[in-house]
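Remarks on the structure that follows.
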Amino acid sequence: MKIMHCPLNGPRNIDEFVWMGDVKSAPEPTCSDREWTSYLFIEDNLAGEVDEWWLHAPSNYWFIARRNRITDKILWTRSPADYFSERKS
Amino acid sequence: MPLALLKYGLNPGFRDAPQLRWQPEFKSNYDVIIIGAGGHGLATAFYLASRHGVSNIAVLDKAWLGGGNTARNTTIIRANYLTPEGVAFYKESVELFRGLSEEVDINIMYSERGHFTLAHTDAAMRTARWRAEVNKHLGVDSEVIDADEVGRLCPTLNMSEEVRYPVLGALYHPPGALARHDAVAWGYAKGAMARGVEVHPGTEVTGILKEGNRAIGVETDRGPIYAGKIVQAVAGSSSRVSALAGFRLPIKTIPLQACVSEPVKPVLDQIVVSGSLHVYISQSARGEMVMGGSTDPYGLYGSRSTLDFKEGLMAHMLELFPFMAELRVLRQWGGIADMTPDFSPVMGLTPVENYYIDSGWGTWGFKATPVCGFRMAECVATGRQPDLLKPFALDRFHNFDLVGEKGAASVGH
């Protein structure tokens, strides 16, 4: 079984986690319908390293992982607080 | 047997297959370039040549003919979907499949088995009734049957109530069929090439050449080629190729795995599916039990197999068919599938002029091969979205007009 390192619970089996898709910013509420539908439905679907939301289902804990979508290698995992403070700095 | 095979191979009466002949040079210009030599791309080429008189076509593939998802599906053909748009579309596909062996002169081993979508809950029975009514209304042979009838028609199935999810009934679709998927691709290639279409395997597209917002050709690892119109039919890599053309798609690339058991004598005539248990199974002509489930839990551009998939699949499979505990897995494989938010394909016109797309085929692409080729050919030849493809246009995601196909294989009810 593949192992993922949860920032809260440590290493756990991958089947305890739920894939929640790319980290992306929501558009402003005043945006056009096209921008909004693009945010909802259209994907970059990159073949490479991508920052993704993951959920540890048993503890209902959300966090961010960088994963290579070709090799399935998980490069790192971070709590949302760490991730966004690092991104700001 | 080996001697007979050798004799067959050396017999001068059998000429080589034209679809395997290598085309050394490109022409300077084509009417249509099709990216992807799978079932869909080749069917599009075939119907363009046979129905619309367009045969100056090059079909390109970075690997080999029919080597992608055309060769990785579990070959189930059916029309018992849920939405009227989906049912009308897949119904036309079944009709084309029935005459295909004759039309392309290759035996696709089309075999009608009867298709059972099992229901284990009241909610699933309700969905089955809904699907049956939509199907009947559109002239597709479908009915809801109770548990006794399921047991009578499919005696191999475990109908015991001493299981976690007893079978309450099923949606029964008698025309549900199997066919040899490789032969479908080879047949379309053969038919298209006999009409002058060129197929170039081992040719990777690395860019789309544009003039303003108009596609005029493709860049390949063998140099640029120019064409009036370009079609992309590259399941699994749709987002990567559309990015070369300059637009994005509502697609996540997620692996779909399958496996077969060692071959045994015929025990299962029917095709058995359970949406609630996420399994489907049929027995191939050579005796292997062909099994699949839902897509992987997360996105990946890789076709590796996992133990998790097989454990999850077998846990449910053994409840339906306890005798399978004695069988061993012979082969396993995966393919990468284009998953759309509404479990429906994305076909037809794109934001780029003269550039057409055939994508979003998730877990339901093989059964659509003929109709997709037939209607994509019409779309390319006329430059307009055919009525049958209108519900599946890329625009629907911007108009909040999604199709919501809950009859797709990987969906629970």
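What residue, of B:Ala170, B:Ala179, is touching a Phe, Trp or Tyr at 6+ places or on another chain (Cβ under 6 Å), without any contact (Cβ under 8 Å) to a residue 60 or more places away in the chain and small (Gly, Ala, Ser)?
Details: B:Ala179 fails: without any contact (Cβ under 8 Å) to a residue 60 or more places away in the chain.
Exactly one residue qualifies, and that residue is B:Ala170.
Out of (1) out of contact with any helix residue (DSSP H, G or I) (no Cβ under 6 Å at 6 or more places or on another chain); (2) more than 30 Å from B:Val163 (Cβ to Cβ); (3) small (Gly, Ala, Ser), the odd one out for B:Ser305 is which?
(2)
Within region B:175-207, work out how many residues are in a strand (DSSP E or B) and in contact with a helix residue (DSSP H, G or I) (Cβ under 8 Å, 6 or more places away or on another chain). Lay out the reasoning, then the answer.
Residues of region B:175-207 that are in a strand (DSSP E or B), as a first pass: B:177-178, B:198-200, B:205-207.
This time we only want the ones that are in contact with a helix residue (DSSP H, G or I) (Cβ under 8 Å, 6 or more places away or on another chain), so: B:177, B:199, B:205-207.
Final tally of qualifying residues: 5.
Open to solvent by 30 Å² or more (accessible area, probe 1.4 Å) and over 19 Å from B:Ile77 (Cβ atoms): is that true of B:Ser276 in this structure? Please lay out each step first, then the result.
Numbers: open to solvent by 30 Å² or more (accessible area, probe 1.4 Å): yes; over 19 Å from B:Ile77 (Cβ atoms): yes.
Judged against the criteria, B:Ser276 is a match.
Has region B:288-297 got at least one residue that is within 13 Å of chain A (Cβ to nearest Cβ) and either buried (at least 20 other Cβ atoms within 10 Å of the Cβ) or outside any loop (DSSP other than H, G, I, E, B) (or both)?
First, the residues of region B:288-297 that are within 13 Å of chain A (Cβ to nearest Cβ): B:295-297.
Narrowing further to those that are either buried (at least 20 other Cβ atoms within 10 Å of the Cβ) or outside any loop (DSSP other than H, G, I, E, B) (or both): B:295-296.
Yes; the residues of region B:288-297 include at least one that is within 13 Å of chain A (Cβ to nearest Cβ) and either buried (at least 20 other Cβ atoms within 10 Å of the Cβ) or outside any loop (DSSP other than H, G, I, E, B) (or both).
So, B:Thr363, is that one among the hydroxyl-bearing types (Ser, Thr, Tyr), under 30 Å from B:Ile216 (Cα atoms) and open to solvent by 20 Å² or more (accessible area, probe 1.4 Å) or not? Outline the logic, then answer.
Numbers: among the hydroxyl-bearing types (Ser, Thr, Tyr): yes; under 30 Å from B:Ile216 (Cα atoms): no; open to solvent by 20 Å² or more (accessible area, probe 1.4 Å): yes.
Answer is no for this residue.
For region B:118-138, what are the residues that are of a type in the set (S, T, N, Q) and assigned to a helix (DSSP H, G or I)? Before you say what the answer is, go through the steps one by one.
At the first step, the residues of region B:118-138 found to be of a type in the set (S, T, N, Q) are B:121, B:127, B:135.
Across region B:118-138, the qualifying residues are B:Thr127, B:Asn135.
Looking only at region B:338-388, filter to residues that are within 14 Å of chain A (Cβ to nearest Cβ) and within 18 Å of B:Arg78 (Cβ to Cβ); which one of those is nearest to the chain's Cα centre (by Cα)? Write out each step before concluding.
Taking region B:338-388 as the starting set, the residues that turn out to be within 14 Å of chain A (Cβ to nearest Cβ) are B:338-344, B:346, B:350-351, B:357, B:359-360, B:362.
Next, from what is left, pick out any that are within 18 Å of B:Arg78 (Cβ to Cβ): B:343-344, B:362.
Working: B:Phe343: 13, B:Ser344: 12, B:Gly362: 8 Å.
Taking the candidates together, the pick is B:Gly362.
Would you check if there is a residue in region B:278-297 being closer than 30 Å to A:Gly48 by Cα and more than 19 Å from the chain's Cα centre (by Cα)?
The answer is yes, given that some residue of region B:278-297 is closer than 30 Å to A:Gly48 by Cα and more than 19 Å from the chain's Cα centre (by Cα).
Could you go through region B:369-383 and let me know if any residue there is outside any helix (DSSP H, G or I) and at pLDDT below 95.
So the first thing to find is which residues in region B:369-383 are outside any helix (DSSP H, G or I), and the list is B:383.
Filter again for at pLDDT below 95, leaving none.
Checked against the condition, which is being outside any helix (DSSP H, G or I) and at pLDDT below 95, region B:369-383 yields no hits at all.
Go through (1) part of a helix (DSSP H, G or I); (2) under 21 Å from the mean Cα position of the chain (by Cα) one by one and return the number of the condition B:Trp333 breaks.
Only one criterion is unmet by B:Trp333, namely (1).
Does region B:330-338 contain any residue that is touching an Asp or Glu at 6+ places or on another chain (Cβ under 9 Å), among the basic types (Lys, Arg), in contact (Cβ under 8 Å) with a residue 24 or more places away in the chain and closer than 26 Å to B:Pro166 by Cα?
no
Tell me the residue from B:Val87, B:Val140, B:Val134, B:Val144 that is open to solvent by less than 70 Å² (accessible area, probe 1.4 Å), of a type in the set (Val, Ile, Thr) and without any contact (Cβ under 8 Å) to a residue 40 or more places away in the chain, please. It would help to see each step written out before you state the result.
Numbers: B:Val87 fails: without any contact (Cβ under 8 Å) to a residue 40 or more places away in the chain; B:Val140 fails: without any contact (Cβ under 8 Å) to a residue 40 or more places away in the chain; B:Val134 fails: without any contact (Cβ under 8 Å) to a residue 40 or more places away in the chain.
Matching residue, one of B:Val87, B:Val140, B:Val134, B:Val144: B:Val144.
From the list B:Asp221, B:Asp182, which residue is open to solvent by 10 Å² or more (accessible area, probe 1.4 Å), closer than 30 Å to B:Asp16 by Cβ and within 17 Å of the chain's Cα centre (by Cα)? If you could, list the steps in order and put the result at the bottom.
Values: B:Asp221 fails: within 17 Å of the chain's Cα centre (by Cα).
After applying the criteria, what remains is B:Asp182.
Residues checked against (1) surrounded by 18 or more Cβ atoms within 10 Å (Cβ to Cβ); (2) under 13 Å from B:Ile357 (Cα atoms):
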| residue | (1), (2) |
| --- | --- |
| B:Ala194 | no, no |
| B:Arg214 | no, no |
| B:Ala227 | yes, no |
| B:Gln232 | yes, yes |
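Would you confirm whether any residue within region A:34-42 is of a type in the set (A, V, I, L, M), touching a strand residue (DSSP E or B) at 6+ places or on another chain (Cβ under 6 Å) and either under 30 Å from B:Asn399 (Cβ atoms) or within 14 Å of chain B (Cβ to nearest Cβ) (or both)?
Start the filter on region A:34-42 by keeping residues that are of a type in the set (A, V, I, L, M), which leaves A:40, A:42.
Filter once more, keeping what is touching a strand residue (DSSP E or B) at 6+ places or on another chain (Cβ under 6 Å): none.
Within region A:34-42, not a single residue is of a type in the set (A, V, I, L, M), touching a strand residue (DSSP E or B) at 6+ places or on another chain (Cβ under 6 Å) and either under 30 Å from B:Asn399 (Cβ atoms) or within 14 Å of chain B (Cβ to nearest Cβ) (or both).
Name every residue in region B:299-314 that is in a loop (DSSP other than H, G, I, E, B), at the interface with chain A (Cβ under 8 Å from one of its Cβ atoms) and open to solvent by 50 Å² or more (accessible area, probe 1.4 Å), in order of residue number.
The one that is in a loop (DSSP other than H, G, I, E, B), at the interface with chain A (Cβ under 8 Å from one of its Cβ atoms) and open to solvent by 50 Å² or more (accessible area, probe 1.4 Å): B:Arg304.
Looking only at region A:67-76, how many residues end up being away from chain B (no Cβ under 14 Å) and of a type outside the set (Phe, Trp, Tyr)?
Restricting attention to region A:67-76, the residues satisfying the condition of being away from chain B (no Cβ under 14 Å) are A:75-76.
After this cut, where a residue has to be of a type outside the set (Phe, Trp, Tyr) as well, the list is A:75.
Total meeting the criteria: 1.
The values are calculated or read from the model by the stated rules, or taken from the named source; none is laboratory data. For clarity, every value in this text was computed on a predicted model and none was experimentally measured. All Cβ positions, even for glycine, are placed from backbone atoms using ideal geometry, and neighbour counts span all protein chains on display. Just the protein is used for accessible areas: all its heavy atoms, side chains included, with ligands, DNA and RNA removed. Shrake-Rupley method; radii C 1.70, N 1.55, O 1.52, S 1.80 Å.
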